[in-house]
Amino acid sequence: MAQSVKLRTNSLTVLRTVDARLMSYNVEMTEVTGGTFWKAYTPEQIAGTEEFPPASGLADIGKLMQIYPPIDLYNPRLRSFAKEFGSVWVRVSGTWASKTYYDFDGTTGGKAPEGYQSVLTREQWIGVLNFVKAIDAKLMISVANCAGLHSVDEPWNPSEAEKIFSLSKEYGVPIEAAEFMNEPNMLQYSGAPAGYTAADYARDQDLFFAWVRENYPETLLVGPCNTGGADGDDAVGAMSGKNSDSANKGSGISNLMSNVATLHELMQGTQQKLDVYSYHYYNGVSERLAAIMPGAHWDASKAHTEEYLAVAGQSARANARGRDQYCPNGQMWVTESGDAGGGGDTWASTYLDVLRTLNELGEFATITDGVIFHNTLASSDYGFLQHGSFEPRPNYFAALLWNRLMGTTVYESGEPLREGAHVYAHSRRDGKEGVAYLVINNSLTDSTTIDLPCDAERYTLSATQLRSSVMQLNGKELV
């Protein structure tokens with residue numbers, strides 16, 4: 001059904017002011033050290049002309065991965081594209097980070113000590129610090145918490161954390177925010193020692209937070225960095241909403257595990273308070289995991305629908321309840337976000353995913369203040385930039401427009417969300433009088449008419465086909 005939208009420039013109700021770094025991103029620790037990550041799809045799979053052969057079981061997941069060399073964070077092309085976003089948060093984390101040894105004195109010869117999986121060298125970390133400084137960003141990390149650092153019967157200790165915090169501060173790029181570990185609700189599956197429990201996590205997060213507050217009080221303490229919702233139901237009901245077509249979607253890989261912890265189990269009994277509440281959101285699982293978790297995978301034919309686009313907002317509202325309980329009045333950060341867990345769907349690098357990306361930014365800002373860390377800057381199929389070549393993808397240009405146009409004051413648009421008319425209103429990023437509107441027409445059949453009350457600048461994003469790897473701005477290819 002065709003829609004008509006009437007935009008206004010005055011008498012708009014202010015909802016809130018949001019963080020200027022709302023649109024931020026991850027650089028995975030496995031990218032920094034080199035290591036395993038998801039194999040790329042073929043051009044035919046991306047175009048939708050070749051079916052991806054999914055894994056048939058957990059044992060096959062390793063076949064979907066490959067070893068990548070460390071990313072070159074000094075690459076002028078990469079830095080140039082990253083700097084165009086303006087100041088953002090850069091998060092260096094991932095499950096890989098929980099099992100990384102900081103070899104800043106060069107004693108390991110590149111071989112990970114027992115109980116660790118990888119080695120981070122001084123030169124590699126200085127590369128991260130130089131990158132963050134060059135693009136005027138803020139740095140966030142998580143720290144080692146694995147069998148190499150302590151057994152399940154021993155409390156966490158700061159011997160490794162001190163290395164990376166002190167080097168960063170001495171180099172002039174302090175760690176300004178930190179999560180204890182990545183996706184702790186998966187316990188030992190996320191790198192913690194064998195037999196690790198939610199109670200162990202609560203003990204160790206308190207130890208880490210207390211240590212940071214004593215030694216690096218300027219650092220924001222963020223957590224718990226879980227996958228799923230706020231009601232003990234992991235990703236399913238909380239992230240997608242029960243009794244809807246999106247039920248069982250938005251699920252995380254944690255749904256595959258037999259022993260996972262809920263948000264409340266992780267936070268129960270903790271004494272050290274959060275500065276920021278965090279969680280991870282993916283809109284489902286990718287084709288790589290579709291056969292293992294069929295109820296959590298969306299077909300590409302649904303990626304424009306109201307049910308699909310609703311998942312991010314449902315996830316934010318569910319987690320806002322957790323934030324209100326464990327971090328009252330605090331910001332809420334999505335420290336990993338993307339179209340699908342498992343490295344992204346085959347269409348993650350195409351125009352089709354731009355609808356989800358922009359809608360998530362728009363709706364999140366109507367719900368809460370905070371930051372969304374897109375996963376990732378330049379790795380896997382959901383990266384803003386193509387791995388290796390650093391070619392910008394459609395989502396890069398969409399996020400770039402958001403950061404250039406959408407200001408920090410959020411208004412009530414006056415338009416209910418509906419097919420063909422997802423309307424979001426912000427102040428102008430340039431500070432001038434007027435309003436910046438994001439209007440998404442997600443209908444595949446009908447046009448949307450927009451009534452403008454005055455002269456305006458129009459930035460229309462489109463593509464010759466939904467799964468195009470090249471997006472157009474006002475009819476011109478963005479390359």
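Every number here is computed from the coordinates shown, using simple stated rules; none is lab data. Remember, predicted model here, so these are calculated numbers, not experimental data. Positions of Cβ are backbone-derived with ideal geometry, glycine not excepted, and every protein chain shown enters the neighbour counts.
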*Counting other Cβ atoms within 10 Å, which GluC sites (Glu not before Pro) in the range 2-86 have at most 15 and lie in a DSSP loop?*
50, 51, 84
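Assign unit charges at the C-beta atoms only (+1 for Lys and Arg, -1 for Asp and Glu), then state the dipole size of the chain relative to its Cα centre in Debye, rounded to the nearest 20. Don't jump to the answer; show the numbers that get you there.
Values: 37 positive and 57 negative charges, 177 e Å.
Around 840 debye, computed over the chain.
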*State the answer as a single residue: which of 208, 410, 372 lies farthest towards the positive end of the charge dipole of the chain, with beta carbon charges of +1 for Lys and Arg and -1 for Asp and Glu, about the Cα centre.*
410
*asked:* Between residue 66 and residue 126, what's the calculated FRET efficiency when r is the beta-carbon distance and R0 is 22 Å? Round to 0.05.
replied: 0.25
*Mind sorting 264, 426 by how few other Cβ atoms lie within 10 Å of their own Cβ, fewest first?*
264, 426
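What relative contact order, as a whole-number percentage, does the chain give when Cα pairs under 8 Å and 6 or more residues apart are counted? All intermediate terms of the calculation are to be shown ahead of the outcome.
On the way: 1082 pairs, mean separation 91.2, N = 479.
About 19 percent, as a whole number.
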_Per residue of the range 9-15, what does 6.51 cos²θ - 1.76 cosθ + 1.60 with θ = phi - 60° give for ³J(HN,Hα)? Whole Hz please, x for Gly and Pro, Karplus curve as stated._
10, 9, 6, 8, 7, 7, 8
*Cα centroid of the range 151-179 to Cα centroid of the range 125-144, whole Å*: 14 Å
*asked:* Can you compute the FRET efficiency between residue 154 and residue 302 using 1/(1 + (r/R0)^6), with r the Cβ-Cβ distance and R0 = 51 Å? Round to the nearest 0.05.
replied: 0.60
*What shape does the range 20-408 take by its C-alpha gyration tensor, where a ≥ b ≥ c are the square roots of the eigenvalues and a/c under 1.5 counts as rounded, a/b above b/c as prolate, and the rest as oblate?*
rounded
*Relative to the first principal axis of the alpha-carbon coordinates of the chain, what is the inclination of helix 159-171, with its axis defined by its Cα atoms, in degrees from 0 to 90 and to the nearest 10?*
60 degrees
*Of 111/133; 99/163; 6/432, which sit over 23 Å apart, Cα to Cα?*
111/133
*Taking the Cα atoms only, what angle lies between the long axis of helix 306-326 and the longest principal axis of the chain, rounded to 10 degrees?*
50 degrees
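In the range 42-85, what chymotrypsin sites (Phe, Trp or Tyr not before Pro) fall in a loop by DSSP, with at most 12 other Cβ atoms inside 10 Å? Before the final figure, lay out the partial values.
Values: sites: 74, 81, 85; in loops: 74, 85.
Sites meeting the loop and neighbour criteria: 74.
What ranking do 190, 380, 286, 80 get, fewest neighbouring Cβ atoms within 10 angstrom at the top? The partial results should precede the final answer.
Working: 190 27, 380 23, 286 31, 80 12.
Ordered by Cβ neighbours within 10 Å, fewest first: 80, 380, 190, 286.
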*Under 13 Å from the Cβ of residue 389, count the other residues' Cβ atoms, weight Lys and Arg +1, Asp and Glu -1, and hand me the total.*
0
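What FRET efficiency, computed as 1/(1 + (r/R0)^6) with R0 = 41 Å and r the Cβ-Cβ distance, is obtained for residue 59 and residue 6, rounded to the nearest 0.05? Spell out each step's value before the answer.
Values: r = 56 Å, r/R0 = 1.36.
The value I calculate is 0.15.
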*State the extension gain, in nm to one decimal, for the chain segment bounded by residue 77 and residue 20, taking 0.36 nm per residue of separation less the distance between their alpha-carbons.*
18.1 nm
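Please give the calculated 222 nm ellipticity per residue for the chain, where each DSSP H segment of at least 4 residues contributes -39500 (n - 2.57) and the sum is spread over every residue; nearest 500 deg cm²/dmol? If you can, show how the numbers build up before the last one.
Numbers: 12 runs with 125 residues, N = 479.
Result for the chain: -8000 deg cm²/dmol, rounded to the nearest 500.
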